1. Being over 21 Å from the mean Cα position of the chain (by Cα) and either more than 7 Å from chain B (Cβ to nearest Cβ) or within 26 Å of residue B:52 (Cα to Cα) (or both) narrows it down to one residue among A:103, A:90, A:46; which is it?
2. Considering only region C:289-311, I want to know if a residue exists there that is assigned to a helix (DSSP H, G or I), over 29 Å from residue C:157 (Cα atoms) and modelled with pLDDT of 90 or more.
3. So which of C:334, C:355 is at pLDDT 90 or above and closer than 29 Å to residue C:577 by Cβ?
4. How many of the residues in region A:32-57 are touching a residue at least 24 places away in the same chain (Cβ under 8 Å) and either within 19 Å of residue A:125 (Cα to Cα) or in contact with a strand residue (DSSP E or B) (Cβ under 8 Å, 6 or more places away or on another chain) (or both)?
5. Collect the residues in region C:67-101 that are surrounded by fewer than 23 Cβ atoms within 10 Å (Cβ to Cβ) and assigned to a helix (DSSP H, G or I), keeping them in residue-number order.
6. Tell me which residues, restricted to region B:22-36, are within 7 Å of chain A (Cβ to nearest Cβ) and in contact with a strand residue (DSSP E or B) (Cβ under 9 Å, 6 or more places away or on another chain).
7. Working only within region A:60-85, note down all residues that are more than 7 Å from chain B (Cβ to nearest Cβ) and crowded, with 17+ Cβ neighbours inside 10 Å.
């Protein structure tokens, strides 16, 4: 566990915490982008270069922008007077903590059984492409279909209604 | 602690943070942000297991993660579309006030 | 004179005797059929009744001819048909019928007189709306009476007896809308019931002692020597033997049915019924059933008598009969209703019959019964004709001078009246009454009944003359003019008048056919019959008495022409005695003050008991039930319903609480999901350790 690891983890966690706690929604989106970047760096650390770059491209380049767009479109002029957190935020926090506790407990229990270190795999894009076109062609096509459906669906959902509220 | 365990813990922490955000924020978009964080934590889990598990050359974990990213993107698009549509109707994104299904 | 009867026992029954049961059965069946008719079938109902009784008459005449032919041939006929009705272990109750001279003559008399009265009724009741019902009851009565006549079993006789009593009740109360008729019917039934209770006791005792209720059963019957000998050895109370006691008990029943003192009170009131009913039931047949009963059980009554002597039972019968004869004749003198005079006359004549039975034996009493049936029926039907002609008027003070308006009725009525009085030689009543007087004269126990009966004959002549004078002589005192009755009513009158004269022939000492026939001896036409000592003197005495009575009546009433509301001539002479006689010696009032009052008291007690005690218990139970019901309702409302409602309330509250989970907020659902995941994971991890 090198120093780089801890630094990147600190960045990522800071970004995530910021993303869920900031008052200004746009700031949250930007913090989210930082978190995404941190995760991408972690992917690179784990020798999953393709996944890391795909993360940057898609998440930071598309999803984060999309979120910003959505924030812009749903912005009301005033910030809510009653605060950004719900009335029972403590219950939610507790539940999240419980989830972390359970997961951490599972990990730490099995920690001794986990492999200590292994050789870094060498993965080329060609291998990934061949796998996509070969073994994983069906999921690929299905994902393509899914994306098409999501595209059309999002357009329909967000479209202005004919005689409705305009 | 093994590196794998460390990554797993990080993923669990990120997941918990994302969950906390999804459960406590009033704004619908921030709930979606939390969900995105949870998805990313899962992806991190997947890649970590790919790297430190047996047969990383089978690319199973990598593929899983890539597809997960694609699906997450699609889901984010649809979800935000929904939020926009709701906003058009109710002029707000406050989840606390959206309890028409109360029963 | 009393003669012993001995019949050669005959076990085989001839064809006629086998079919004898049809004689009562056919009228009863006819009655049942008529009962199913509706009112418009009037002609059919009377035709059926008359037809059935004609059939019975024909069969009775066949039976009579059979008995007569046997008698001519020298065999005294007594044929029985017996059968077992109920068998319990070794003891059994038998029923059966008998054909002997006694039942044969009675059969012919009942059917003949009955038929004539039926025909008469078609005219008398022609305007009545309940014509069909009348003939139904009449037919039922005829069948029941015939059953009494042919019965060989005391039980069958009793059944017919009761049925006759029932039909008498139905017919007396025929016009039941009249309260007086309904009351008279009840009075008749209850009074005869009192007699019947003792009768039933006698029957039961006889059955217990002898083991059979059959009269004649080839030597084993209760009227035959073996049974009577057994009864004589059993002592009962008051120095009587069982035979005497049973005889007296049976006589109580006869006294009720035949209207002897003190159970006579119902007969005059029974005149409320239509006149044909009075003629048939309360003159000729039903009231004669009591006399017939005594004649039937005569061997029992006579058991233990020494030669020429009498028994206690027969002595009692005689005294009761003689006193009733005088008592009723006295009352008849002061009555003003045409039918009531005849009713008291009937009571008096029944007393004569009983006295005749007691002193002279079966033949003497039965002869008077037969002759009396004809002339009393004639008198009643004549009275009915008079009533019909006088537009339903029954008070003799409002009649008068009818001999010119209703000549046929007048002639036949006079013939009947003279027969009743015992007008010498020509009329049957003279011979039959003289038979009784002769027996009374030679009675060994006492001579008083003879004088009483002679005095009764005087009174009979007097009151009948009074009645005829009021009704037929003088001038008409009514409102509308009278008219003669139609032929359907006068022809039976004529037929009966013929018999009132002709029947005397068979009972004269010249040719004592009737007596001989009944007693199973040969009869011969014998001019020396008159030469018995004292017989001519007796005939002279009774004739003189009759003439005195008729003369007194003539002098006081004929030609005087009293007005309608003037007091009677005799009343003017002896007002207090007249008052007693007119009010029937206050017997009814006496009974009202004693027995009826006693009964009313206990009826009130029973009513109080019923209303307060039993009724109180019942209403107490009802109140208890109501209280229990109220308690249950209370429990139901508060406990059962309350608990149920509470449960439902809790359920609703619980549901309300649970529905808070459905907050409608997404984050709530998410939280719950996360909690579920935590729990699940914890369980999985926990279960996989080790």
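The values are calculated or read from the model by the stated rules, or taken from the named source; none is laboratory data. Since this is a predicted model, take the numbers as computed values, not measurements. For neighbour counting, all protein chains shown are included, and Cβ atoms are generated from backbone atoms with ideal geometry for every residue, glycine included.
1. Details: A:103 fails: over 21 Å from the mean Cα position of the chain (by Cα); A:46 fails: over 21 Å from the mean Cα position of the chain (by Cα).
Unique residue meeting the criteria: A:90.
2. Looking only at region C:289-311, we keep the residues that are assigned to a helix (DSSP H, G or I), and these are C:289-296, C:298-302.
Narrowing the set further to residues that are over 29 Å from residue C:157 (Cα atoms) leaves none.
The answer is no; no qualifying residue exists.
3. Result: C:355 is the single residue among C:334, C:355 that is at pLDDT 90 or above and closer than 29 Å to residue C:577 by Cβ.
4. Going through region A:32-57 one residue at a time, the tally reaches 7.
5. Within region C:67-101, C:68, C:69, C:70, C:71, C:72 meet the criteria.
6. Passing the criteria: B:24, B:25, B:26, B:27, B:33, B:34.
7. The first filter runs over region A:60-85 and keeps only residues more than 7 Å from chain B (Cβ to nearest Cβ), leaving A:60-61, A:64-65, A:68-69, A:72, A:75, A:77-79, A:81-83.
Once the filter is applied, which keeps residues that are more than 7 Å from chain B (Cβ to nearest Cβ) and crowded, with 17+ Cβ neighbours inside 10 Å, region A:60-85 yields A:60, A:64, A:68.
For every residue, the table says whether it meets (1) modelled with pLDDT of 90 or more; (2) more than 7 Å from chain A (Cβ to nearest Cβ); (3) over 20 Å from residue A:13 (Cβ atoms); (4) buried (at least 24 other Cβ atoms within 10 Å of the Cβ).
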{"position": "B:20", "(1), (2), (3), (4)": "yes, no, no, yes"}
{"position": "B:42", "(1), (2), (3), (4)": "yes, yes, no, no"}
{"position": "B:54", "(1), (2), (3), (4)": "no, yes, yes, no"}
{"position": "B:68", "(1), (2), (3), (4)": "yes, yes, yes, no"}
{"position": "B:74", "(1), (2), (3), (4)": "yes, no, yes, no"}
